[in-house]
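K.L.:
Structure below; questions to follow.
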Amino acid sequence: MGAVGEFGPLVAISLFFSGRQLGPATAVLLGFVLLTGLAIYLASRARHSLLYSQVTRTLHTSGQFAVRSIIFILTVLVVLSMVLGLDMLLGAFAAGVLWKVAIARAPEQDRKVIEGKIDAIAFGFLVPVFFIDTGIDFDLRALTASPAALALVPLFLLLLLIIRGLPSLLAAPPKSSHADKRAIILFGATGLPIVVGVTGIGRDEGLIAGGIASALVGAGMLSVLVFPLLAVRQHQRRPSETSARQKESP
């Protein structure tokens, strides 16, 4: 559940502060957080020997116990969050954390296989559906009708580079080339899912104007379209830089 885990904490923070204004929603949110925290704590304390054996037996069969379990947990927590009036993204994030903790002590090879299957479902099906829904809900008229909102798009793109891209350098391998570092910054600056999640909540709660929300989403769209292309170009330049350094060295 990598794509959901990326923006889950910010969704929770946004829901918390919006809940403070709504009164009873705060108690509902805190109750959901406590319930999820208790489930995660119990999952981390249990040995799960029966779970691991069942996962191993069905890992390469049509049973697919691991995949069906995470889909079941995801469905339960998403439905619970929606029934309680919370954002469904919070339930999806909690489901990912709960399953991650429950399977933490499983054999490493089994974990890799399971994560590959979950990534296939998430990025092959769930994330595309999320983006389709995002495109349908995108208010293009609010963006094009306001010159001020359009002017905010390049500003938000620059902020994505600064806030998300520059901290990505902390993950750069030692002795990385300048081209590699530029590519890491560009890849790290992409941020459509988190932008859509936060702006959607802000717009529903009346905390963000429609034009600003559309400008944020527009910047997020441009980031996933433009930044990866620029990052790939940095890698294409790397051989020429390497050969140039080799010629300069004695």
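The values are calculated or read from the model by the stated rules, or taken from the named source; none is laboratory data. None of these values were measured; they are calculated from a predicted model. All Cβ positions, glycine included, derive from the backbone under ideal geometry; neighbour counts span all protein chains shown.
K.L.:
Within region 173-185, is there a residue that is among the polar types (S, T, N, Q), at negative phi and surrounded by fewer than 21 Cβ atoms within 10 Å (Cβ to Cβ)? Let's see the steps before the verdict.
P.N.:
First, pick out the residues of region 173-185 that are among the polar types (S, T, N, Q): 176-177.
Now drop any that are not at negative phi, which leaves 176-177.
From what's left, surrounded by fewer than 21 Cβ atoms within 10 Å (Cβ to Cβ): 176-177.
Within region 173-185 (the criterion being among the polar types (S, T, N, Q), at negative phi and surrounded by fewer than 21 Cβ atoms within 10 Å (Cβ to Cβ)), the answer is yes, since at least one residue qualifies.
K.L.:
Can you spot a residue in region 40-53 that is at pLDDT 75 or above, surrounded by fewer than 20 Cβ atoms within 10 Å (Cβ to Cβ) and of a type in the set (D, E, K, R)?
P.N.:
Checked region 40-53: no residue is at pLDDT 75 or above, surrounded by fewer than 20 Cβ atoms within 10 Å (Cβ to Cβ) and of a type in the set (D, E, K, R).
K.L.:
Can you confirm whether region 82-103 contains a residue that is out of contact with any helix residue (DSSP H, G or I) (no Cβ under 8 Å at 6 or more places or on another chain) and of a type in the set (A, V, I, L, M)? Can you show your working first?
P.N.:
The initial filter retains those residues of region 82-103 that are out of contact with any helix residue (DSSP H, G or I) (no Cβ under 8 Å at 6 or more places or on another chain), namely 83, 100.
In the following step, the residues that additionally are of a type in the set (A, V, I, L, M) were identified as 83.
Looking for residues that are out of contact with any helix residue (DSSP H, G or I) (no Cβ under 8 Å at 6 or more places or on another chain) and of a type in the set (A, V, I, L, M), one finds at least one in region 82-103, hence yes.
K.L.:
Turning to a different aspect of this structure: Does any residue of region 150-164 turn out to be among the basic types (Lys, Arg), crowded, with 16+ Cβ neighbours inside 10 Å, touching a helix residue (DSSP H, G or I) at 6+ places or on another chain (Cβ under 6 Å) and touching a residue at least 24 places away in the same chain (Cβ under 8 Å)?
P.N.:
Filtering region 150-164 down to residues among the basic types (Lys, Arg) leaves 164.
From what is left, the residues that are crowded, with 16+ Cβ neighbours inside 10 Å are 164.
Next, from what is left, pick out any that are touching a helix residue (DSSP H, G or I) at 6+ places or on another chain (Cβ under 6 Å): 164.
Of the ones still in play, those that are also touching a residue at least 24 places away in the same chain (Cβ under 8 Å) are 164.
Scanning region 150-164, I find at least one residue that is among the basic types (Lys, Arg), crowded, with 16+ Cβ neighbours inside 10 Å, touching a helix residue (DSSP H, G or I) at 6+ places or on another chain (Cβ under 6 Å) and touching a residue at least 24 places away in the same chain (Cβ under 8 Å), so the answer is yes.
K.L.:
Mind listing whichever residues of region 199-212 are in contact (Cβ under 8 Å) with a residue 40 or more places away in the chain and farther than 17 Å from Ile132 by Cα?
P.N.:
Ile201, Gly202, Glu205, Leu207, Gly210, Gly211, Ile212
K.L.:
Oh, and also: So which residues in region 97-111 are surrounded by fewer than 16 Cβ atoms within 10 Å (Cβ to Cβ) and either within 29 Å of Leu38 (Cβ to Cβ) or within 15 Å of the chain's Cα centre (by Cα) (or both), if there are any at all? Step through it out loud before you land on a result.
P.N.:
At the first step, the residues of region 97-111 found to be surrounded by fewer than 16 Cβ atoms within 10 Å (Cβ to Cβ) are 104-105, 107-110.
Answer for region 97-111, where residues must be surrounded by fewer than 16 Cβ atoms within 10 Å (Cβ to Cβ) and either within 29 Å of Leu38 (Cβ to Cβ) or within 15 Å of the chain's Cα centre (by Cα) (or both): Ala104, Arg105, Pro107, Glu108, Asp110.
K.L.:
What is the one condition in (1) among the aliphatic types (A, V, I, L, M); (2) within 26 Å of Phe93 (Cβ to Cβ); (3) at pLDDT 85 or above; (4) buried (at least 19 other Cβ atoms within 10 Å of the Cβ) that Leu170 does not satisfy?
P.N.:
The single condition Leu170 does not satisfy is (4).
K.L.:
Can I ask one more? Of the numbered conditions (1) of a type outside the set (Asp, Glu); (2) without any contact (Cβ under 8 Å) to a residue 24 or more places away in the chain; (3) within 26 Å of Tyr41 (Cβ to Cβ), Ile114 fails exactly one; give the number of that condition.
P.N.:
Tallying (1) of a type outside the set (Asp, Glu); (2) without any contact (Cβ under 8 Å) to a residue 24 or more places away in the chain; (3) within 26 Å of Tyr41 (Cβ to Cβ), Ile114 fails exactly one: (2).
K.L.:
Would you confirm whether any residue within region 88-98 is more than 29 Å from Ala189 (Cβ to Cβ) and not assigned by TED's automatic domain parsing to the domain that holds Val224?
P.N.:
Looking for residues that are more than 29 Å from Ala189 (Cβ to Cβ) and not assigned by TED's automatic domain parsing to the domain that holds Val224, one finds at least one in region 88-98, hence yes.
K.L.:
Ok, one more. Only one of these conditions is not met by Thr75: (1) under 19 Å from the mean Cα position of the chain (by Cα); (2) at pLDDT 80 or above; (3) buried (at least 19 other Cβ atoms within 10 Å of the Cβ). Which number is it?
P.N.:
(3)
K.L.:
Something else about it: Determine, yes or no, whether Gly85 is outside the structural domain of Ala215 (by TED's automatic domain parsing), surrounded by fewer than 17 Cβ atoms within 10 Å (Cβ to Cβ) and free of Cβ contacts under 8 Å to residues at least 40 places away in the same chain. Spell out how you get there, then give the answer.
P.N.:
Numbers: outside the structural domain of Ala215 (by TED's automatic domain parsing): yes; surrounded by fewer than 17 Cβ atoms within 10 Å (Cβ to Cβ): yes; free of Cβ contacts under 8 Å to residues at least 40 places away in the same chain: no.
Answer is no for this residue.
K.L.:
When you check Val153 against the structure, is it part of a helix (DSSP H, G or I) and at pLDDT below 85, yes or no?
P.N.:
Working: part of a helix (DSSP H, G or I): yes; at pLDDT below 85: no.
When the stated conditions are applied, Val153 does not pass them.
K.L.:
Suppose we filter Ser146, Ser168 for residues that are out of contact with any His (no Cβ under 7 Å at 6 or more places or on another chain), without any contact (Cβ under 8 Å) to a residue 24 or more places away in the chain and not charged (D, E, K, R); which single one remains? Reasoning before the result, please.
P.N.:
Working: Ser146 fails: without any contact (Cβ under 8 Å) to a residue 24 or more places away in the chain.
Just a single option satisfies the conditions, and that option is Ser168.
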